[in-house]
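First up is the structure itself, then whatever we jot down about it.
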Amino acid sequence: MFAFNNALARMFDLFYTPFRSFHPVWGLLAMSAVTGLILLFIWKYTTNQKQMKAVKDRIKMHFIEIRLYQDDMGIIWKTQARILKQNLRYIVLVLVPALVIIVPVVFILVDMDHRFGREALEPGESALVKVKFAGRGGLPEVTIRAPEGVVVETPRLRIPVEREVDWRIRAEREGDFDLAFVVDGDTYTKRLTVGNSTRRFSFIKGQATVEEAFFNPGEDPLPKGSLIESIEITYPEMRFRFESWVGHWLTLFCVFSLAVGFGLKPVFNVE
Amino acid sequence: MRMGRRTCWIAGLAIFGLGLLVLGPSSGPASAAGGKKVLVLGFDGMDPNLSKRLMEEGKLPNFKRLADGGGFSKLGTSIPPQSPVAWSNFITGQNPGGHGIFDFVARTPENYLPFLSTSVTDKKGTRLLRRGTAFWEILEDHGIWNSVLRVPSNYPPVDMKGPSLSGMGTPDILGTYGTFSFYTTEPQVGGDVEGGKIIEVKMRNNMIESSLVGPRIGEGGDAVKVEAPFTVWVDPEEAVAKIRVGDEEFVLAQGEWSDWKPVEFKVMSKGMEILLSLVGQTSSLHSIARFYLKEAHPEFNLYVSPLNFDPFYSPPGTSICTPDGYSKKLAKEIGYFYTQGMAEDTWALNEGRLNEKEFLQQSEFVLQERIRMFRCELEHFLQKEQALYFCYFSTTDPLSHMFGRFMDPGHPLNYPDEFEKYGDVIPHYYTRMDSVLGYALDRVGEGTTVMVLSDHGFTSYRRSFHLNTWLYENGYIQLRDKRKKSSGEFFVNVDWRKTRAYALGINCLYLNLKGREGYGIVKPGYEADQLLAELVEKLEAITDPKTGEQAILRVYRSSEVYSGDAIESAPDLVVGYNAGYRASWETALGKIPNPEKGFFGDNLKKWSGDHCMAAEIIPGVLFTNKPLRIPDPSLVDLAPTILNEFGIEKTPEMIGRNVFAEGPETGSRVESVMR
């Protein structure tokens, strides 16, 4: 799974390479457009286009029927029932393609969240580092070691009820840095990304599980069974602003990919 | 068909010409030729005597440069010399009789209740109460680009096309002039303090859960107070804590300030909020706050700044900027900034919730933000051919208020050890203003007219005078319950049917005039005139039994010092205190302390410098890079002067003169009594 994720990450990296020196919104819009196009083709080749056209035509026909016989309540009720039936047929027809579409979309979304969900720290910017411990009982002793270019600004903050230890760190220059955490003689690391670019980076690092590999790609996981359950860096959330609108990348993705998909439907003759 | 070589040239030239037209003059470099540019810097409370001394000591080289190459003078201030009044004189070129701002506090004559004088909020929203036309409105009518940042007495800002941001008078989201919150595990007696909410909290398992208190939403009995919950985790041993408010989590070590943190007060359900956010709308109240972890152990003490409007969102029912969205644009460029009027938290220092060092740290944030703001907008100004740019700096005023005692060895609240530690604070901030000026002078070049002004000067505030107690003891105020011999705020125990005069605000004294006040008993005309004459005579004769000094230097009759359409709401008398004296805080809010304690009291608050005295003793400063042609410039002269720089005539309401032109005095200049 990790190898697959790494290969996928490289593929996405390649896609975003031309956009690295621009504002992240351009990479986001480009990926949304490509996704819209891919979904359109998947839709075209995984659905029974003839049957779908037939179902949609029938629904249209029933609407005409309602307009023509609007004074006859009996016909209207029957027509409503037929429309419902055709709608259910339509849902059955799109069920399989929808399941097929989900697979690439989930991979794309997970990757996008690691590029557009958070912003890498800017030099001079601070962030919270959270170490969560597995198991129960007292908190193990933990120390943080920051490489040159990163400053640990506060003493450790222990929250026994949450099994958590926090620090505030500050990045002094651009680059990728490995923060080290020493617990009972074992050292664990977490990558810190500093610098503005459309790069995929990991916010949280957990123990090696399939779920972890899928949802938190980009960094080797912590060994299974280790004292530390996860290490998280709270990068600032990336917000996109257009005039008075401020929003999450997912809103932009949905709007733009759907717009591209619907806009190109007639061009590629897709139902 | 191929175009000929000649046709290509003609087409090329046409496109080039069109390009020049489209790009227009605004894209070119700053130039004095063909257009006039004026830069005005306002340094609140900068004192001429201290400025002169520091210039002589070589500590203000840029002010010296300006004074030597142009002009430096004391600047006649307003009557009374209070910031909202004085800056309104500057803005309108009129005295308070014209612009209608007479004190920080005004009163409703019908019920004697006070309200903040510069703006009012009702069902229709928030309105600016200052009357008269701001000089930059006139400039805009003449097509001159202008930017006016943080000028006092301009909230909500007058509707303009040019960028402007409201200043002093802009409230926090509670609608106050700035209410801090202080969360503490120490048992509290007495509850809230002046300018702050004190909230006692309990720590369980090293965790504290509490809420930031927002405004009341709704009307009457249906109004509910909105809150933003937050959680604090404190390390069991180390002096460090984590705070979670909304989606924000941050760690502070003891003695550390947070950056600005957005604080959202939710009014609707989360689902509705998500739906609204899809169309770029919000129902929530958006504010920002700074947190300061004063102490983690053994007691927990957390200071939270007043909740400022979030500049990324338009505040409901009001505005802090023009054009709409300018505050957001500015915040994108310089980051979050204080939007409340006077941002330096003088109350927190006065009430001992911040100490001097912490207050200076907080003031530094304000100054740094203002410098960033100033520099950002200066770049836009430099790109213009013909423009006015005004930027206001507050720092010198609150610092002079709070550290005045360290400039005055005779102040009653002066500790020798602190004297050495903080004696240089005020001069230090004058040198910081000098750096701001130096940067501006270097950037604007010679073609721009530069003016630097302050609204008033400063002096020590040693003794407080309970004017309402004096009025009571002298029979001008009668109490309903005479056994009490005192009254709480807002004259709660005053018998208005027997009271002839009362004081409200820092310098204002009103007659209880028949036909004007709700329960007025003094007949207008002869009776009122006699009473005014009697009060003036008695007040000017008051001496302080402790020092033997005259406490009130001059009492001004409003009919003699004011002119204009707003004079009907003026106080009848304006009390001009002598240096070292001022009306007590109790007087300002209509309180009558028991006369057994005397009319005077030592000022033992850290608010130890002041300017609410006789206007003659507290002038401001005026520095210009052009020679001053009149010997006694005043605040009301500056609006006509600025208009004149652009070749625009002053309006008939303006009473001032052009300070750069010699010639006979024109118009009615009631303010000349000031000089």
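The values are calculated or read from the model by the stated rules, or taken from the named source; none is laboratory data. Worth saying up front: this structure is predicted, and the values here are computed from it rather than measured. FYI the Cβ positions are ideal-geometry reconstructions off the backbone, even for glycines, and counts take in every protein chain you see. Keep in mind that these areas ignore ligands, DNA and RNA; they rest on the heavy atoms of the full protein, side chains included. Shrake-Rupley method; radii C 1.70, N 1.55, O 1.52, S 1.80 Å.
Filtering segment A:212-239 to residues that are touching a residue at least 12 places away in the same chain (Cβ under 8 Å) and within 11 Å of another protein chain (Cβ to nearest Cβ) leaves A:E232, A:T234, A:P236, A:E237.
Taken together, the residues in segment B:81-117 that are of a type in the set (V, I, T) and either out of contact with any helix residue (DSSP H, G or I) (no Cβ under 6 Å at 6 or more places or on another chain) or surrounded by fewer than 24 Cβ atoms within 10 Å (Cβ to Cβ) (or both) amount to 3. Can you name the residue in segment B:218-257 that is more than 10 Å from chain A (Cβ to nearest Cβ) and assigned to a loop (DSSP other than H, G, I, E, B) and, of all such residues, is nearest to A:E232 (Cα to Cα)? Applying the filter and picking the extreme gives B:G246.
Among the residues making up segment A:147-169, those that are part of a strand (DSSP E or B) and crowded, with 16+ Cβ neighbours inside 10 Å are A:V150, A:V152, A:L157, A:R158, A:I159, A:E164, A:V165, A:D166, A:W167, A:R168, A:I169. Counting only residues that are of a type outside the set (G, A, S) and open to solvent by less than 40 Å² (accessible area, probe 1.4 Å), which one in segment A:119-138 is farthest from A:A180 (Cα to Cα)? The residue in question is A:L121. In this structure, does A:A9 turn out to be within 26 Å of the chain's Cα centre (by Cα) and within 25 Å of A:A259 (Cβ to Cβ)? No. A:P266: modelled with pLDDT of 85 or more and within 12 Å of another protein chain (Cβ to nearest Cβ), yes or no? No, not satisfied. Selection of segment B:579-596 for residues being over 21 Å from the mean Cα position of the chain (by Cα) and crowded, with 23+ Cβ neighbours inside 10 Å yields B:Y581, B:G590, B:I592. You will find that of A:I83, A:I91, A:I102, the residue that is within 25 Å of A:G247 (Cα to Cα), away from every other protein chain (no Cβ under 11 Å) and among the aliphatic types (A, V, I, L, M) is A:I102 and no other. Scanning segment B:469-478 for residues that are on the phi < 0 side of the Ramachandran plot and surrounded by fewer than 19 Cβ atoms within 10 Å (Cβ to Cβ) returns B:E473, B:N474, B:Q478. If you check B:G58, B:G69, B:G98 for being assigned by TED's automatic domain parsing to the domain that holds B:D637 and within 21 Å of B:E137 (Cβ to Cβ), only one passes: B:G98. Scanning segment B:512-533 for residues that are farther than 16 Å from B:N111 by Cα and in a loop (DSSP other than H, G, I, E, B) gives B:K523, B:P524, B:G525. For first residues located in segment B:246-260 and more than 13 Å from B:V234 (Cα to Cα), partners that are open to solvent by 60 Å² or more (accessible area, probe 1.4 Å) and charged (D, E, K, R) and lie 6+ apart or on another chain with Cβ distances below 8 Å form the pairs B:G246/B:E264; B:D247/A:E237. In segment A:149-175, the residues that are within 11 Å of chain B (Cβ to nearest Cβ) and free of Cβ contacts under 8 Å to residues at least 24 places away in the same chain reach residues that are open to solvent by less than 10 Å² (accessible area, probe 1.4 Å) and assigned to a loop (DSSP other than H, G, I, E, B) with C-beta atoms within less than 6 angstrom, at least six apart or across chains, in these pairs: A:L157/B:D235; A:R158/B:D235. Residues in segment B:38-71 that are buried (at least 19 other Cβ atoms within 10 Å of the Cβ) and farther than 19 Å from B:D442 by Cβ: 10 in all. A:R118 satisfies every condition listed in (1) more than 14 Å from chain B (Cβ to nearest Cβ); (2) in contact with a strand residue (DSSP E or B) (Cβ under 7 Å, 6 or more places away or on another chain); (3) more than 24 Å from B:E238 (Cα to Cα) except (1). Within segment B:617-633, can one find any residue that is in contact with a Gly (Cβ under 7 Å, 6 or more places away or on another chain), at pLDDT 95 or above and farther than 30 Å from B:G447 by Cβ? Yes, there is a match, as at least one residue in segment B:617-633 is in contact with a Gly (Cβ under 7 Å, 6 or more places away or on another chain), at pLDDT 95 or above and farther than 30 Å from B:G447 by Cβ.
Apart from one condition, B:C321 fits all of (1) of a type outside the set (S, T, Y); (2) more than 26 Å from B:S211 (Cβ to Cβ); (3) in the same structural domain as B:V436 (by TED's automatic domain parsing); the exception is (3).
Close Cβ contacts (under 9 Å, 6 or more residues apart or on different chains) running from residues in segment A:41-68 that are within 16 Å of A:F268 (Cβ to Cβ) to residues that are assigned to a helix (DSSP H, G or I) and among the hydroxyl-bearing types (S, T, Y) comprise A:M52/A:Y90.
Could you tell me whether any residue of segment A:192-199 is within 14 Å of chain B (Cβ to nearest Cβ), touching a strand residue (DSSP E or B) at 6+ places or on another chain (Cβ under 8 Å), in contact (Cβ under 8 Å) with a residue 12 or more places away in the chain and part of a strand (DSSP E or B)? Checked segment A:192-199: no residue is within 14 Å of chain B (Cβ to nearest Cβ), touching a strand residue (DSSP E or B) at 6+ places or on another chain (Cβ under 8 Å), in contact (Cβ under 8 Å) with a residue 12 or more places away in the chain and part of a strand (DSSP E or B).
If you check B:T179, B:T184 for being in contact with a helix residue (DSSP H, G or I) (Cβ under 9 Å, 6 or more places away or on another chain) and under 30 Å from B:E209 (Cβ atoms), only one passes: B:T179.
Results for (1) open to solvent by 10 Å² or more (accessible area, probe 1.4 Å); (2) touching a Cys at 6+ places or on another chain (Cβ under 9 Å), shown as yes or no for each residue.
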{"position": "B:F337", "(1), (2)": "no, no"}
{"position": "B:W347", "(1), (2)": "yes, no"}
{"position": "B:N350", "(1), (2)": "yes, no"}
{"position": "B:F359", "(1), (2)": "no, no"}
{"position": "B:V366", "(1), (2)": "no, no"}
{"position": "B:L378", "(1), (2)": "no, yes"}
{"position": "B:Q386", "(1), (2)": "yes, no"}
{"position": "B:S400", "(1), (2)": "no, no"}
{"position": "B:F403", "(1), (2)": "no, no"}
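Could we say that B:D495 is at pLDDT 95 or above, among the charged types (D, E, K, R), in the same structural domain as B:A583 (by TED's automatic domain parsing) and surrounded by fewer than 24 Cβ atoms within 10 Å (Cβ to Cβ) here? Yes: the conditions hold for B:D495.
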